1. Among residues belonging to segment 62-86 that are within 18 Å of the chain's Cα centre (by Cα) and open to solvent by 60 Å² or more (accessible area, probe 1.4 Å), point out the one that is nearest to residue 238 (Cα to Cα).
2. Give the number of residues within segment 87-101 that are open to solvent by less than 60 Å² (accessible area, probe 1.4 Å) and part of a loop (DSSP other than H, G, I, E, B).
3. Mind checking which residues of segment 72-88 are closer than 19 Å to residue 216 by Cβ and among the hydrophobic types (A, V, I, L, M, F, W, C)?
4. If a residue must be among the small types (Gly, Ala, Ser) and away from the ligand (no atom under 14 Å from the Cβ), how many such residues does segment 52-89 contain?
5. Would you please list the contacts, defined by Cβ atoms under 7 Å and residues six or more apart or on different chains, that run from a residue in segment 233-262 that is touching a residue at least 24 places away in the same chain (Cβ under 8 Å) and farther than 18 Å from residue 53 by Cα to a residue that is within 12 Å of the ligand (Cβ to nearest atom) and of a type in the set (Asp, Glu)?
Amino acid sequence: MQGCEGTALISRLPVPPCTHAPFHPCTLSSTALFLPKKHFYPYIMTLFTMKLSSGLVLALDVTDRSRALDVVAKVAPHVDAVKVGYPLVLSCGTGIIGELAKSTCVVCDFKVADIPNTNRLIAVEAFKAGAKGIICHAFPGRDSIIAVVEEAKKHGGDVLVVTEMSHPGALDFMAGKAEQMARLAKDCGASGIIAPATRPERVKALRGIVGELQIISPGVGAQGGSASQAILAGADAIIVGRSLYESQDPAEAAARLVSEVAGARNARKEKGDAAQ
Ligand code: 3DU
């Protein structure tokens, strides 16, 4: 095992050395770094610092601190990261980010969408609090995304850029600009994009634009999307909230989703291999 600095071989941007312990979820196998991509893709995909191995990200949209910690304790062994957003952080404060970061990678879904200076200030606070990744919107434009990417680089963190969202309202404006937003995310040096599991055909189209950038897809379960369809369409990981934290048995629900992701990854790999 080695620290996150090795990910620079895969990522395009240099990152500072990771200070995490060797078995922290943010570290990755040094062997994987030197294998040709086809030998480990899609089983271990790396962003700048996060390792996407199970392909499952928990959306922790609860507002009660003890419930949040309880869900994470049950689900953490199955997930690559925990995504926190306004519901949890506004109710518990940014301290919850550092608390969760002791046991898992934390991604701040602040959907940052402001002028560059404000974006940068938000990113500073997220990374200072212990986040390893941050989600920003693409629509404020190039300079606003770059402000987040530059701040993330200083912390060896990941930036995921929202393209088309998963809810029906995304068809009003976002869908028509999603390709442009995906291209912009790539140009700005983002680690990946967020694309809708509720519309796998869009995941497929956006994969064609972002190439090797990561695609992480919300909308599985409560919003009607399917984990396997999203992965088959080209997503690297799925984001799941209510279907996990509202489940009677979150650990079992997470294990089931991880196994569905693994099945779809294998099917995709076989399809890919057959096409070669
Ligand atoms: O629908 P769920 O409960 O599985 O939660 C999905 C999470 O993903 C939630 O935190 C939401 O804010 C986030 N998200 C989307 O649902 C859709 C997007 O396009 C981007 C983020």
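1. For segment 62-86, the residue satisfying everything is 77.
2. Qualifying residue count, segment 87-101: 1.
3. Scanning segment 72-88 gives 72, 75, 76, 79, 81, 82, 84, 88.
4. Step one: list which residues in segment 52-89 are among the small types (Gly, Ala, Ser), which gives 53-55, 59, 66, 68, 73, 76, 81, 85.
Subsequent filtering for residues that are away from the ligand (no atom under 14 Å from the Cβ) retains 53-55, 66, 73, 76.
Selection size over segment 52-89: 6.
5. 241/61
The values are calculated or read from the model by the stated rules, or taken from the named source; none is laboratory data. From a predicted model like this one, the values you see are computed outputs, not experimental measurements. Quick reminder, even Gly has a Cβ in these numbers, built from the backbone with ideal geometry, and neighbours come from all protein chains shown. The protein model used for the area step is the full one, side chains on, heavy atoms only, and it has no ligands, DNA or RNA in it. Shrake-Rupley method; radii C 1.70, N 1.55, O 1.52, S 1.80 Å.
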